[in-house]
């Protein structure tokens, strides 16, 4: 059905306004679906968004907390990060889980494919459930020096979402999906 829908937008031109190793911001001159001319900005992420819900046999999960510069606030989240272009999303998930929690998993299930904010970005992401866990040492990068790791029941993470204590979109989606999968 979606393949039959024609794009009602017309791109007249595009100009890169900003570019670094993580993102490119492009401004497009467009004709919108009603026929009016205007601009549209797009943020292109050069990495794939990755999120992981690690779950043990007792239905405990792991959150990571850190101060997020963009929010100017502390944030509790599932382990997450970016997978460089060319790296398989599952390989990126395995790396991110090990880096941020020290955990490795013997069983992986892709639970979501998502677009983080499709009105302004073409970023695509993948969320995984990691099970059959083994604990080990974390391998943090420079931006994660203040990272805190918290093991808690998945049911408590759900309550944190309900109380507005977990607001990160990837974390909310993935925790809710796993909770539904596990009958919580």
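Each value in this text was obtained by applying a stated rule to the coordinates, not by laboratory testing. Everything numeric here is computed off the predicted structure, so don't read it as measured data. So basically every Cβ, Gly included, is an ideal-geometry build from the backbone, and we count neighbours across all protein chains shown.
Figures for the structure shown
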{"read-out": "Share of pairwise Cα separations in region 2-45, more than 17 Å, in percent", "value": "43"}
{"read-out": "Virtual spin-label span in nm between residue 182 and residue 87, 7 Å along Cα→Cβ", "value": "2.6"}
{"read-out": "Helix-derived mean residue ellipticity, 222 nm - over the chain, DSSP H n ≥ 4, -39500 (n - 2.57), to 500", "value": "-6000 deg cm²/dmol"}
{"read-out": "Cα-projected label distance for residue 141 with residue 40, points at 7 Å along beta-carbon direction, nm", "value": "3.0"}
{"read-out": "Length added when fully stretched, residue 17-residue 68, from 0.36 nm per residue minus Cα-Cα", "value": "15.9 nm"}
{"read-out": "Size of region 47-181 as Cα extents on the principal axes (Å, biggest first)", "value": "39, 35, 32"}
{"read-out": "On Cα atoms only, tilt of 169-181 relative to the major axis of the chain in degrees", "value": "60"}
{"read-out": "On Cα atoms only, tilt of 89-101 relative to the major axis of the chain in degrees", "value": "50"}
{"read-out": "Neighbour-count ranking [beta-carbon atoms within 10 angstrom, fewest first] of 172, 53, 64, 31", "value": "31, 172, 64, 53"}
